[in-house]
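Student: Just passing along the structure, written as structure tokens.
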Amino acid sequence: MKYDSNNIFAKILKGEIPCNKVYEDEHSLAFEDINPQAKIHILLIPKGKYISMDDFSSKASIDEFNSFFRILGEIPRKFCIDESGYRIIANHGIDSHQEVPHFHFHILGGKPLGPLLVKKN
Ligand code: AMP
């Protein structure tokens, strides 16, 4: 699968559409999810053109990789949910229902989140 440079997060990175930014550095951007599923719902994305975790984990540089996962742990502390708890989720591919084909982690917290998945057959 080829990276689609017109996906919505690519447009956010290019400054073509706005976001509520909460963090930015050389390799990563974090912003509020437009349709929050919890009191705190932040999306963390790499600035590089990676479709999903599969792509990122096989192609990202050590620098990008280290920096990204360091920030993934820092954002919950920034929002003071490291004590109360949080959930991080990354969707990959059709079965996961990934909607935006630019790699991202969802960081959810600020209230009890309930079970991870509701079982459906
Ligand atoms: P996923 O299903 O894992 O690809 O999640 C995509 C997420 O992106 C959803 O939670 C959407 O609410 C969120 N989203 C879509 N468009 C925007 C946007 N313009 N700004 C912020 N979040 C967005």
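Student: Could you give the accessible area per residue of the chain, probe 1.4 Å, as a whole number in Å²? It would help to have the intermediate numbers written out before the result.
Tutor: Details: 7870 Å² over 121 residues.
Accessible area per residue, the chain: 65 Å².
Student: Here is a follow-up. What shape does the range 67-121 take by its C-alpha gyration tensor, where a ≥ b ≥ c are the square roots of the eigenvalues and a/c under 1.5 counts as rounded, a/b above b/c as prolate, and the rest as oblate?
Tutor: Numbers: a/c = 3.25, a/b = 1.28, b/c = 2.54.
Oblate.
Student: Give the Cα extents of the chain along the principal axes, in whole Å, largest first.
Tutor: 38, 36, 29
Student: Could you list which residues have their amide H under 5 Å from that of V22, counting only those 5 or more apart in sequence or on another chain, with H placed in the peptide plane?
Tutor: Sorted by chain and number, the residues that satisfy this are A30, F31, E32.
Student: Quick one: compute the contact order of the chain, relative version, from alpha carbon pairs under 8 angstrom and 6+ residues apart, as a percent. Working shown, then result.
Tutor: Working: 161 pairs, mean separation 36.6, N = 121.
Contact order relative to length: 30 percent.
Student: Step through the table entries K2/K119; K14/K111; K78/K111; K11/K120, compare each Cα-Cα distance with 23 Å, and write down the pairs that go over it. Could the numbers behind the result be given before it?
Tutor: Numbers: K2/K119 32 Å; K14/K111 33 Å; K78/K111 16 Å; K11/K120 34 Å.
Checking Cα-Cα distances, K2/K119; K14/K111; K11/K120 exceed 23 Å.
Student: Roughly how many percent of the accessible protein surface of the chain is carbon and sulfur, given a 1.4 Å probe and a whole-percent answer?
Tutor: 52 percent
The values are calculated or read from the model by the stated rules, or taken from the named source; none is laboratory data. The structure displayed is predicted, hence computed values, not measured ones. Accessible surface areas use protein heavy atoms only, side chains included; no ligands, DNA or RNA. Shrake-Rupley method; radii C 1.70, N 1.55, O 1.52, S 1.80 Å.
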